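Contents: one structure, followed by commentary.
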Amino acid sequence: MQEEIIKTLLELTFRGNDDVKIEAISALGDYEATLEQQDAVSRLIELCKDPNREVAVSSIKSLSKLSSYFIKK
């Protein structure tokens, strides 16, 4: 189930609607299991370079949230 959720969120980050992308990015940042999903982390890094400032900022915030999980472990 966990993998299916992450897969769905990742798919949503490829949508043309930036509002949908931003919410999916935020959800990935809140999802601790993402640390075990290299595809999700790679996608967030890629989205940091998105031309839409809000998408890029949301990606940076999500990566920042995920980094706190690395520190805890």
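Rule-based calculations on the coordinates, nothing more; no lab input. No experiment lies behind these values; they were computed from the predicted model shown.
On full extension of the chain, what length is gained from residue 38 through residue 19, given 0.36 nm per residue of separation minus the C-alpha to C-alpha distance? Please list the in-between numbers first.
Working: separation 19, 0.36 × 19 = 6.84 nm, distance 2.35 nm.
Net length gain for the segment: 4.5 nm.
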Working from Cα positions, state the angle (0 to 90°, nearest 10) between the long axis of helix 2-12 and the longest principal axis of the chain. 20
Aspartates and glutamates whose Cα lies under 12 Å from that of residue 7, excluding same-chain neighbours fewer than 8 positions away: 39
